[in-house]
Amino acid sequence: MTEDTAYMERALELAAMARGRTSPNPLVGAVVVRDGEIVGEGYHQKAGTPHAEIHALRQAGDKAKNAVLYVTLEPCCHYGRTPPCTDAIIRAGIKKVVIAVKDPNPLVAGKGIKALKDAGIDVSLGMLEAKARGLNEAFFKYIVEKRPFVTLKAAMTLDGKIATSNGDSKWITGEEARAYVHRLRAENDAIMVGIGTVFADDPLLTVRLTGEDKKPLRLVVDSSLRIPLTSRLVRTAREVPTVVAAVKGKCQAEKKEKLASAGVEVWELPEENGRVSLYSLLDELGKRDVVSVLLEGGSTLNFSALAAGIIDKFIFFFAPKIIGGKSAPGPFGGTGINLLNDAVELTELSWERIGADLMLVCYPAKPAEE
């Protein structure tokens, strides 16, 4: 590993420290290096607060003059909730900026690089670009498509069961894997389940980690607005933001009013095949600056999402257990896929051991270009 690469690795490490806290902004880290020594570091800590470059330049102080700045995303050049970072970089006297990846935001998208070059600063682009894109995979999708990045999480036994034949599912995985899921919740803007999961598990869908106060939006896909008023989601809706997505025209006014009085927001959306259109749901989430969604559904919603092609990433936990049983559900139900040639192929597989369980992270393969 070269020194340049090591500095960018450090910037990426810094950026990742704010996972789940910067939305709808990206994760960004910055390192200022002069004469082979790191003189300033910083990362974007929360939306609306100073960007990574500002923190790093402040720490560097006068040592920023004639130094090199390593930053994981193209510096901004526009006024938003904070001033342009390019102006601060130019004023600090930085002689070179090494950027991992260009910002897809149309307000930036090369304009930040141009501003730096016009000021006589040497600019290098593309160092560890794949890692930088991966770090901000949700942000990149949201900016380009105006829809959130959807990660499906499912826990199952080695024979692919998410519950026994009589519905018992607590707990398939061990404590370490369950704690990891809570970290995933904290890193996402919303947690989505179907009404079947509400009936079966009466979940809270909250983040339960020591010292963590993140409260992601809780989202229930409930086409006919059947959610019980006595459910834990409804009873805690005043403490944690909660939305129920139903089909327009299928909501009883009285039920909707009772949910509203409990603090639940009801979204009436177009239908597709008699159920909430998941495309319309993602569009609505995008309008509300929801950048990332963790799908923790049961087999019905999971397959609907799979068939609709809205899943961007899969995280599967496999417990060293076997349940068996023809009627014991797997992670994907619905009508299924009839032809093996039409099966959803997965790529970029990576395995990790979490306690006694195995975690598989993968992505749907992109269709071949015609």
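The values are calculated or read from the model by the stated rules, or taken from the named source; none is laboratory data. No experiment lies behind these values; they were computed from the predicted model shown. Every residue, glycine as well, gets a Cβ built from its backbone with ideal geometry; the counts of neighbours run over all protein chains shown. These accessible areas exclude ligands, DNA and RNA; they are computed on the full protein's heavy atoms, side chains included. Shrake-Rupley method; radii C 1.70, N 1.55, O 1.52, S 1.80 Å.
Among the residues of segment 328-370, count how many are outside any loop (DSSP other than H, G, I, E, B), acidic (D, E) and open to solvent by 70 Å² or more (accessible area, probe 1.4 Å). Count: 3. A single entry from L229, L259, L225 fulfils the requirement of being among the aliphatic types (A, V, I, L, M) and either surrounded by fewer than 19 Cβ atoms within 10 Å (Cβ to Cβ) or within 23 Å of the chain's Cα centre (by Cα) (or both): L229. Taken over segment 94-115, the residue count meeting the criterion of being open to solvent by 10 Å² or more (accessible area, probe 1.4 Å), under 18 Å from F139 (Cβ atoms) and not hydrophobic (A, V, I, L, M, F, W, C) is 7. Within segment 202-224, residues that are in a loop (DSSP other than H, G, I, E, B) reach partners that are surrounded by 14 or more Cβ atoms within 10 Å (Cβ to Cβ) and polar (S, T, N, Q) with beta carbons closer than 6 Å, at six or more positions or on different chains, in the pairs D202/S231; P216/N188.
Of all the criteria given as (1) basic (K, R); (2) touching a strand residue (DSSP E or B) at 6+ places or on another chain (Cβ under 6 Å); (3) touching a residue at least 40 places away in the same chain (Cβ under 8 Å), the one not satisfied by K248 is (3). Here are some residues: G211, G174, G134, G194. Which one is closer than 28 Å to G324 by Cα and surrounded by fewer than 19 Cβ atoms within 10 Å (Cβ to Cβ)? From the options G211, G174, G134, G194, the qualifying one is G174. Regarding L27, is this residue buried (at least 24 other Cβ atoms within 10 Å of the Cβ) and under 26 Å from V181 (Cα atoms)? The answer is yes for L27.
When we screen D283, D357 for residues that are in contact (Cβ under 8 Å) with a residue 24 or more places away in the chain and either over 23 Å from R147 (Cα atoms) or in contact with a strand residue (DSSP E or B) (Cβ under 8 Å, 6 or more places away or on another chain) (or both), the only hit is D357. Looking at segment 286-295, is at least one residue open to solvent by less than 30 Å² (accessible area, probe 1.4 Å), in contact with a helix residue (DSSP H, G or I) (Cβ under 6 Å, 6 or more places away or on another chain) and either aromatic (F, W, Y) or at pLDDT below 95 (or both)? No, every residue in segment 286-295 fails to be open to solvent by less than 30 Å² (accessible area, probe 1.4 Å), in contact with a helix residue (DSSP H, G or I) (Cβ under 6 Å, 6 or more places away or on another chain) and either aromatic (F, W, Y) or at pLDDT below 95 (or both).
Within the group I191, I172, which residue is touching a strand residue (DSSP E or B) at 6+ places or on another chain (Cβ under 6 Å) and part of a loop (DSSP other than H, G, I, E, B)? None of the other options fit; the residue is I172.
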